[in-house]
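The values are calculated or read from the model by the stated rules, or taken from the named source; none is laboratory data. Everything numeric in this text was worked out from a predicted model, so none of it was measured. Every residue, glycine among them, receives a Cβ derived from its backbone with ideal geometry; neighbour counts consider all protein chains shown. Each accessible area value is taken on the protein alone, full model and side chains, heavy atoms only, with ligands, DNA and RNA left out. Shrake-Rupley method; radii C 1.70, N 1.55, O 1.52, S 1.80 Å.
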Amino acid sequence: METHVIECPSPMGPFWMQARDGALVAAGWRRLTGAGPVPLLEEAASQVAAYFDGRLTRFDLPCRVEVGGIVPQVCALMQAIPFGQTRTYGDLARDLDKPAQAIGQACGRNPIPLIIPCHRVLGASGLGGFSAAGGVETKVALLRIEGAAGLLI
């Protein structure tokens, strides 16, 4: 079970992705460790670049959420949110019959942000949080890239 990593540029600074056993298992704006890239990570870096260049609206990468609790279920719901659209923590809470606070906590534990688009989940009356580097400013920047910033007004 060797872990591999790649670093790729993003408008918010270096974006790291980590893969193990043929799937992405971690990503974000924090340094990740492991052996050099494999073809999956090279493809992931290409897709991330295309996303930031406005040429990609849906990531097509195998992801494995290796976090317990309701996080995998919440991540599956987030992956179903289309590019440029948002849902609220309450929407996801109703889908899973869980409290909105639990959904927010699960979003914060998303191990593969951007690829699993937790930035598309908002509070009922505001942005909600964002655990990636840059916090809410990064969330807003990602929503702007997707043309969803108008939803914030």
Nearest-ten-degree value, helix 136-145 long axis tilted from longest Cα axis of the chain: 80 degrees
In whole percent, the fraction of accessible protein surface over the chain that belongs to carbon or sulfur atoms, probe radius 1.4 Å, stands at 51 percent
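Please list, by residue number, every one of the GluC sites (Glu not before Pro) in segment 13-117 that is coil in DSSP and has at most 13 other beta-carbon atoms within 10 Å.
On the way: sites: Glu42, Glu43, Glu66; in loops: Glu66.
Taking segment 13-117 and a limit of 13 other Cβ atoms within 10 Å, the loop GluC sites (Glu not before Pro) found are Glu66.
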Relative contact order (%) - criterion: Cα under 8 Å, at least six apart; region: the chain: 20 percent
